[in-house]
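Following: one structure in structure tokens, then a few remarks.
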There are 2 protein chains.
Amino acid sequence: MTVEIISVGTEILMGNIVNTNAAFLSEQCVALGLSCFNQQVVGDNHDRLADAFKLALSRADIVLVSGGLGPTEDDLTKETAAEVCGCSLALHQPSMDALKAYFEKRNIPLTENNYKQAYMPEGAKVLENPNGTAPGVIIPYKNGKDADGGTTEKKNAKKYIILMPGPPGEMKPMFLNSVRPFLKKRSSGTIYSVTVKETGIGESSAEELIKDLIDTQTNPTIATYAKTGEVHMRVSAMAENKAEAKKLTAPVVKEIKKRFGKHVYTTDENVTLEEAVVKLLKKRGLTITFAESCTGGLLSGRMVGVPGVSDVYKTGFVTYSNKAKHKLLGVSKKTLKKFGAVSEECAYEMAFGAAKAASADVAVAITGIAGPDGGTEEKPVGTVYIGVCVRGEAHVVRFNFSGNREKIRDNSVSAALRMLHSDLA
Amino acid sequence: MTVEIISVGTEILMGNIVNTNAAFLSEQCVALGLSCFNQQVVGDNHDRLADAFKLALSRADIVLVSGGLGPTEDDLTKETAAEVCGCSLALHQPSMDALKAYFEKRNIPLTENNYKQAYMPEGAKVLENPNGTAPGVIIPYKNGKDADGGTTEKKNAKKYIILMPGPPGEMKPMFLNSVRPFLKKRSSGTIYSVTVKETGIGESSAEELIKDLIDTQTNPTIATYAKTGEVHMRVSAMAENKAEAKKLTAPVVKEIKKRFGKHVYTTDENVTLEEAVVKLLKKRGLTITFAESCTGGLLSGRMVGVPGVSDVYKTGFVTYSNKAKHKLLGVSKKTLKKFGAVSEECAYEMAFGAAKAASADVAVAITGIAGPDGGTEEKPVGTVYIGVCVRGEAHVVRFNFSGNREKIRDNSVSAALRMLHSDLA
């Protein structure tokens with residue numbers, strides 16, 4: 001089954017916002033085993049919308065649309081899609097009731113242009129939107145080439161236009177709760193996926209390591225995704241039911257885990273690297289602290305993104321100046337003078353000092369030159385020392401990152417998390 | 001002049017990466033005064049690529065393409081575009097020389113499949129790529145409806161397919177250095193834009209305040225962009241030359257600045273809110289420190305993103321536990337017991353304590369409940385107290401943010417920057 005994704009909205013055409021909806025929907029469709037060969041972006045314009053729908057219906061079975069369902073006159077997605085599908089609009093009482101309830105709850109007067117949102121294409125399936133005012137719709141396309149020339153009932157239609165609201169906070173839950181089950185029912189078989197997340201290895205080396213698996217496997221398939229400092233491998237199998245599909249993925253996942261060893265930090269799609277680190281700390285009953293210079297709190301901030309981190313993390317330090325490194329962490333003036341703040345020696349003393357000052361079992365120290373100024377021939381911009389101290393034993397690694405200030409700092413945070421994971425796993 | 005943007009690549013179709021290239025190109029085209037009504041995404045497939053190019057040429061003057069210029073057999077963008085434009089490929093010696101030099105410098109052997117990247121459509125303009133191996137190309141389309149039925153010289157073509165590499169680090173500089181000047185020369189007149197950046201005011205209130213200006217202006221136009229905690233207004237004028245265009249924007253920018261007063265933090269497109277804050281601190285000769293609880297270092301990390309922040313920022317604190325708040329910042333045990341860590345009183349003491357502990361003139365303290373747990377009826381998840389202390393004078397604001405942990409923390413950082421800017425401006 002083929003899907004085409006259409007994003008409607010001037011904001012995307014003008015570059016005001018990045019089209020994250022299309023990426024989300026594509027990834028979801030791939031995970032369902034659906035093929036997607038084309039995406040379109042079009043503005044709120046009747047003729048261009050109609051052309052986009054017709055083109056998509058000519059080459060795909062399901063047209064997934066987000067955006068343009070608002071209450072204003074500009075919003076034409078529903079009207080145009082209904083027209084292309086040959087449906088007329090009629091008042092949909094449950095939607096009208098939901099709309100009234102939504103406005104009443106928020107104590108906002110319901111204006112007449114909102115009524116428009118309660119009119120739905122006849123024969124369509126309306127999708128509830130608990131997060132906004134615009135319901136979604138699944139509209140059968142009676143002229144679908146698999147249908148009987150338009151004379152059969154619409155319920156036998158093989159093609160559909162599915163409309164969802166544009167805001168990601170409304171679209172995503174609607175897709176997951178209503179559209180995904182609809183698509184899943186229509187896709188031939190069940191897809192089951194496991195994502196093996198790895199760190200401390202580059203994408204090309206990672207691919208090289210399982211090239212034989214990628215080349216020979218057709219079911220399950222293996223897709224590789226490169227993230228900052230991480231590689232994610234999604235193993236997806238298709239079978240008649242979930243149990244069968246799961247059985248197909250199991251040996252491949254096992255083989256990947258065997259080959260990547262400690263590089264694997266989770267096989268749970270929803271677990272991030274920092275969550276894996278927090279889990280390891282909890283498991284081992286260790287507390288942690290951070291002493292950051294060039295990253296200025298980014299690593300600490302990312303760790304605090306993990307709910308429940310308070311069990312293991314109490315105190316952290318941003319020591320940007322030499323004085324702060326000396327005063328808060330006890331880095332010796334001699335070290336700072338002789339080797340400089342960006343040095344292996346300083347990273348060691350920062351890590352030891354932070355562990356002591358925070359009474360923590362584990363400490364991570366980052367000191368480096370993020371640029372644009374401050375680089376020397378010996379220590380160019382991008383030179384970063386990261387020290388990890390676990391119960392009194394520390395090691396420091398020197399990194400030479402490239403890119404601008406932002407990239408160097410992001411890479412430093414990832415590298416620190418990778419070191420932490422490797423030391424704790 | 002109409003532009004259409006085509007992004008080529010399976011990674012985008014599969015949802016592995018978000019299509020930031022299209023957003024960048026759209027925003028750039030809008031700034032040049034070009035119209036963009038459609039975007040397409042298509043994979044590395046000859047027939048689908050050819051269809052996409054033909055469709056785009058049927059409705060736009062310039063087709064901007066990124067991706068699919070790599071050395072492998074999968075990469076068909078250049079070959080297909082040349083075919084659609086009726087050009088054959090020939091060896092382009094300068095590209096071959098550049099390719100050889102690129103590989104020699106990196107000490108990598110040049111493989112035969114790389115040669116493909118030095119073959120260019122005849123009659124096309126080749127664009128250098130100092131950041132990668134694939135040059136860009138501007139290919140004239142001889143069947144352009146404004147051309148003379150294909151009998152005139154291609155140099156008179158009015159339509160073009162412009163190919164650029166997919167990686168943003170190669171595409172963006174190529175666009176800015178080579179494609180933008182080409183487009184600018186062809187756009188009727190010159191566009192000059194000023195971006196007025198505001199903080200501390202919502203998008204709809206901001207629009208309301210200048211509704212009369214938006215409704216009546218046609219040249220310059222005013223476009224509003226909502227960012228987290230900020231509103232950006234781009235005033236763009238078109239005229240015969242830059243001086244004329246600048247003259248047209250001036251009174252509108254002046255009026256907007258007058259109406260928004262202290263909410264305006266810059267009229268420089270490239271200046272961020274944290275940069276504006278650092279500039280104010282430097283101007284007033286003040287140093288700053290941060291004491292963060294629920295944000296865990298995010299605010300500090302963002303400030304350290306500003307080059308040269310070391311002049312004003314030396315030391316910061318992440319005080320996630322009550323003990324850390326007491327020990328590092330001197331928050332009294334009585335306050336923590338009576339009012340709790342998430343309280344106005346605690347935020348005051350954190351701000352005063354941080355200023356003292358870091359010997360800084362200004363201190364910002366953030367304490368709140370980012371969730372998902374920890375909320376109560378009186379202080380639900382999203383309750384955040386932010387205190388700002390400037391030379392011994394402090395004030396605290398209570399915020400009630402909605403959304404998940406990430407959103408609450410991001411909003412807290414923005415709110416703190418807004419308060420800082422307002423207090424220092």
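All of the numbers you see were taken from the coordinates with simple rules; none came from a lab. Note that the structure is a prediction, hence the values are computed from the model and not measured. All Cβ positions, even for glycine, are placed from backbone atoms using ideal geometry, and neighbour counts span all protein chains on display.
For the reader, a short list of remarks on this structure follows.
- Label-point gap, in nm, between B:Asp373 and A:Lys337 - each point 7 angstrom along Cα→Cβ: 5.0
- Whole-Hz Karplus values for region A:385-393 come out as 9, 10, x, 10, 10, 10, 6, x, 10 Hz, taken residue by residue from phi with 6.51 cos²θ - 1.76 cosθ + 1.60 and θ = phi - 60°; glycine and proline positions read x.
- Shielding value for A:321-331 is 3, the average number of Cβ atoms from other chains within 10 Å of each residue's Cβ.
- Summing charges over all other residues whose Cβ lies under 14 Å from the Cβ of B:His395, with Lys and Arg as +1 and Asp and Glu as -1, gives -2.
- Ellipsoid equivalent to region B:190-266 - semi-axes via the Cα gyration tensor, in Å: 22, 12, 11
- FRET E, pair B:Ser422, A:Thr267, Förster distance 51 Å, beta-carbon r, rounded to 0.05: 0.60
- Rotationally averaged projected area of chain B (alpha carbon convex hull; nm²): 25.9
- Dividing the C-alpha radius of gyration of the protein assembly as shown by 2.2 N^0.38 Å, with N its residue count, gives 1.00.
- Think of each Lys and Arg Cβ as +1 and each Asp and Glu Cβ as -1; about the Cα centre, that makes the dipole of region B:178-306 roughly 600 debye.
- Sorted from nearest, the other copies put their A:Arg106 label points 5.1 nm away, the label point being 7 Å from Cα in the direction of Cβ.
- Comparing Cα centroids, region B:235-274 and region A:249-282 end up 51 angstrom apart.
- Averaged over peptide B:305-317, the number of partner chain Cβ atoms lying within 10 Å of each residue's Cβ comes to 5.
- Inter-part distance, region A:402-425 to region B:340-413, computed on C-alpha centroids, equals 28 Å.
- Taking 28 Å as the limit for the C-alpha separation, the pairs A:Lys325/B:Lys282; A:Lys279/B:Lys333; A:Lys325/B:Lys325 exceed it in the case of A:Lys279/B:Lys333.
- Between helix A:344-357 and chain A: long-axis angle, C-alpha atoms, 0 to 90°, nearest 10: 80
- Region A:2-186, Cα convex hull volume normalised per residue, Å³: 112
- Computed from the C-beta positions of B:Thr228 and B:Lys257 and an R0 of 25 Å, the FRET efficiency is 0.65 to the nearest 0.05.
- Copy-to-copy label separations for B:Thr224, where each label sits 7 Å from Cα toward Cβ, in nm and ascending: 4.7
- The long axis of helix A:93-106 is offset from the longest Cα principal axis of chain A by roughly 40 degrees.
- Peptide A:4-12, shielding by other chains (average Cβ, 10 Å cutoff): 2
- For B:Thr266, the residues whose amide H sits under 5 Å from its own are B:Lys197, ignoring neighbours fewer than 5 places away on the same chain, with H placed 1.01 Å from N.
- Shortest-first nm distances, A:Thr376 label point to equivalent points in other copies (7 Å, Cα→Cβ): 5.4
- Rounded to whole Hz, the Karplus (6.51, -1.76, 1.60) HN-Hα couplings of region B:180-196, x for glycine and proline: 4, x, 4, 5, 4, 4, 8, 7, 6, x, 10, 9, 10, 10, 10, 9, 9
- The local environment of B:Ala416, defined by Cβ-Cβ distances under 12 Å, has a net charge of -1 under the rule Lys, Arg +1 and Asp, Glu -1.
- Remark: spin-label model distance B:Arg284-B:Glu344 equals 2.3 nm, labels positioned 7 Å along the Cα→Cβ axis.
- Compared with the rule-of-thumb size 2.2 N^0.38 Å for a compact globular protein, region A:273-424 has a Cα radius of gyration ratio of 0.96.
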